[in-house]
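What follows is a short report on a single structure.
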Amino acid sequence: MSSLPKLRIGQGVDVHAFTTGDHVVLGGVRIPHTHGLLAHSDGDVLIHALCDALLGAAALGDIGHHFPDTDPVYRGADSRKLLRHVMQLLAERAWSVVNADMTLLAQAPRVAGHIPQMLACLAEDMGVSVDQLSIKATTSERLGFVGREEGIVAMAVVMLAASV
């Protein structure tokens, strides 16, 4: 029997197109912008990618399985509540977060100044310390749909460890 800790890695990606609106929600933070994000929930691509990474690492499917966009219960849902539910599922299975690394790809809005608040929101909802989380933001150098400011992409990678 190996004495190595039981570890799992998961990855998540989410994309949302811009639509009419005056803000976006990223990492649980409302950021003023000339557009909103088209989504069934609040469109928080960062939390959606994070949830998919967490669920994937625990072999629990994906966000669409747990929170289907065909269910009216999730219309306009606060993604922070979805993240807290995912964390509850992990706790029930004795998984804890070692770390999470996330990247936002957006030509606009500029989000760097909002990252500390995003980290605080995510750490609170996940029950982890801020130093277990990383958020980076970059543009696509005006290439592709992100560069044309048609939408935003978020990616997340997480490591889980067995809590027992």
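The values are calculated or read from the model by the stated rules, or taken from the named source; none is laboratory data. Keep in mind it's a predicted model, so treat the numbers as computed, not measured. Positions of Cβ are backbone-derived with ideal geometry, glycine not excepted, and every protein chain shown enters the neighbour counts.
Key figures for this structure:
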| item | result |
| --- | --- |
| Exclusive hit being among the acidic types (Asp, Glu), part of a loop (DSSP other than H, G, I, E, B) and closer than 20 Å to Ala137 by Cα, set Asp69, Asp42, Asp52 | Asp42 |
| Residue that is over 15 Å from Ala137 (Cα atoms) and crowded, with 21+ Cβ neighbours inside 10 Å, where the choices are Val98, Val86 | Val86 |
| Residue check, Gly64 touching a Lys or Arg at 6+ places or on another chain (Cβ under 6 Å) and either under 21 Å from Val158 (Cβ atoms) or at pLDDT below 95 (or both) | no |
| Residue satisfying all of: in region 109-164; surrounded by fewer than 15 Cβ atoms within 10 Å (Cβ to Cβ), touching a residue at least 40 places away in the same chain (Cβ under 8 Å) and part of a loop (DSSP other than H, G, I, E, B); nearest to the chain's Cα centre (by Cα) among these | Gly127 |
| Top-ranked residue of region 16-64 - restricted to ones that are among the polar types (S, T, N, Q) and without any contact (Cβ under 8 Å) to a residue 40 or more places away in the chain, ranked as nearest to Met87 (Cα to Cα) | Thr19 |
| Qualifying residues in region 90-107 (those that are among the aliphatic types (A, V, I, L, M) and assigned to a loop (DSSP other than H, G, I, E, B)) - the one farthest from the chain's Cα centre (by Cα) | Ala94 |
| Scope region 1-15; condition surrounded by fewer than 21 Cβ atoms within 10 Å (Cβ to Cβ) and closer than 16 Å to Leu105 by Cα; matching residues | Gln11, Val13, Val15 |
| Per-region count, region 73-86, residues under 12 Å from Leu60 (Cα atoms) and touching a strand residue (DSSP E or B) at 6+ places or on another chain (Cβ under 8 Å) | 0 |
